[in-house]
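Only one structure is covered here, and it is reproduced in the block below.
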Amino acid sequence: MKVYDVVQGTQEWLRVRAGVPSASQMHRVITPGGKPSKSAERYLYELAAERLLGRPTVEHVSWEMARGSQLEIQAIRWFEFQRDMDTEPVGFITNDAGTIGASPDRLVGSDGLLEVKCVNEGLHLQYLCQSGSCYEDHKIQCQGQLWIAQRAWVEVLAFHPHLPPALCHVERDEKFIAILEPAVLAFADELERLAKELEAMELGGYRAEREKSLTELLKESLLSLKGA
């Protein structure tokens with residue numbers, strides 16, 4: 001595991017995570033039900049473009065992200081008071097190979113994480129009334145963070161400045177991670193292969209040709225896991 005000491009939301013953070021599959025986007029690789037996502041191919045080429053250009057394709061923080069960061073500070077203060085715990089900011093965490101990453105909102109103690117969601121009023125109300133629904137909407141991201149950060153649990157906090165917060169404690173799901181890990185590793189391997197092809201060819205005459213589609217490769221990875 002590698003930890004990059006950068007501030008989330010900054011240009012430096014965007015550059016560090018450019019071209020690296022991250023936990024927040026793992027839903028574009030695999031579905032909550034363990035099937036290949038239809039968005040995997042597009043995500044693959046987005047990351048490959050960042051590898052080719054040597055920079056993030058999104059180089060600014062949106063208004064929504066900036067608002068979320070401001071509210072996140074309030075949410076963290078509420079959580080620390082409510083749980084009587086200190087939290088620690090973290091930049092970007094990757095596996096040892098640096099091929100897969102995650103940016104948890106906070107580290108909690110020696111084995112926990114905090115993930116904050118600041119959404120609109122209607123969705124927040126749904127999270128408040130339907131216990132655990134905030135986690136279910138972000139299950140892949142949360143379990144991906146626990147996998148990459150090597151942590152045991154995560155507190156998922158839905159926060160709105162004018163509505164009561166919704167807090168959910170979730171343990172590491174080894175069964176789901178056993179499905180998630182090979183699918184994301186297969187995706188990362190395919191990204192590495194594609195990036196090397198792009199580096200070896202002139203961009204103007206490049207046309208990616210694979211014997212199998214990325215969806216087929218992910219299906220084979222999941223099927224081999226079920227047969228093990």
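For the range 185-196, the tally of residues that are more than 13 Å from G98 (Cα to Cα) and touching a helix residue (DSSP H, G or I) at 6+ places or on another chain (Cβ under 9 Å) stands at 5. Quick check, is Q141 touching a Pro at 6+ places or on another chain (Cβ under 6 Å) and either closer than 20 Å to W13 by Cβ or at pLDDT below 95 (or both)? It is false that Q141 is touching a Pro at 6+ places or on another chain (Cβ under 6 Å) and either closer than 20 Å to W13 by Cβ or at pLDDT below 95 (or both). Of the strands (runs of 3 or more DSSP E) lying entirely inside the range 107-178, those containing at least 2 residues that are crowded, with 23+ Cβ neighbours inside 10 Å and not charged (D, E, K, R) are 112-117, 153-160.
Residues in the range 114-131 include at least one that is among the small types (G, A, S), modelled with pLDDT under 95 and more than 15 Å from the chain's Cα centre (by Cα).
For A97, the requirement of being part of a loop (DSSP other than H, G, I, E, B) and either within 16 Å of the chain's Cα centre (by Cα) or surrounded by fewer than 20 Cβ atoms within 10 Å (Cβ to Cβ) (or both) is met. With respect to C129, is the statement that it is in contact with a Pro (Cβ under 9 Å, 6 or more places away or on another chain), more than 15 Å from S22 (Cα to Cα) and of a type outside the set (A, V, I, L, M) true? Against the criterion (in contact with a Pro (Cβ under 9 Å, 6 or more places away or on another chain), more than 15 Å from S22 (Cα to Cα) and of a type outside the set (A, V, I, L, M)), C129 does not qualify. Within the range 90-121, the set of residues being within 25 Å of A48 (Cβ to Cβ) and touching a Gly at 6+ places or on another chain (Cβ under 9 Å) comprises F92, I93, T94, N95, I100, A102, S103. If you go through the range 125-141 and keep only what is under 19 Å from A178 (Cα atoms) and polar (S, T, N, Q), you end up with just Q141. Is one or more of the residues making up the range 2-12 within 19 Å of W153 (Cβ to Cβ), under 17 Å from the mean Cα position of the chain (by Cα), in a loop (DSSP other than H, G, I, E, B) and modelled with pLDDT of 95 or more? The answer is no; no qualifying residue exists. Kindly evaluate V119 against the criterion of being within 29 Å of E46 (Cα to Cα), in contact with a helix residue (DSSP H, G or I) (Cβ under 6 Å, 6 or more places away or on another chain) and touching a residue at least 40 places away in the same chain (Cβ under 8 Å). No; evaluated as a whole, the condition is false for this residue. Among residues of the range 179-211 being over 16 Å from L53 (Cα atoms) and outside any helix (DSSP H, G or I), the one that is modelled with the highest pLDDT is E211. Scanning the range 71-94 for residues that are β-branched (V, I, T) and assigned to a strand (DSSP E or B), we see that the one that is farthest from P161 (Cα to Cα) is T94.
The values are calculated or read from the model by the stated rules, or taken from the named source; none is laboratory data. Since this is a predicted model, take the numbers as computed values, not measurements. FYI the Cβ positions are ideal-geometry reconstructions off the backbone, even for glycines, and counts take in every protein chain you see.
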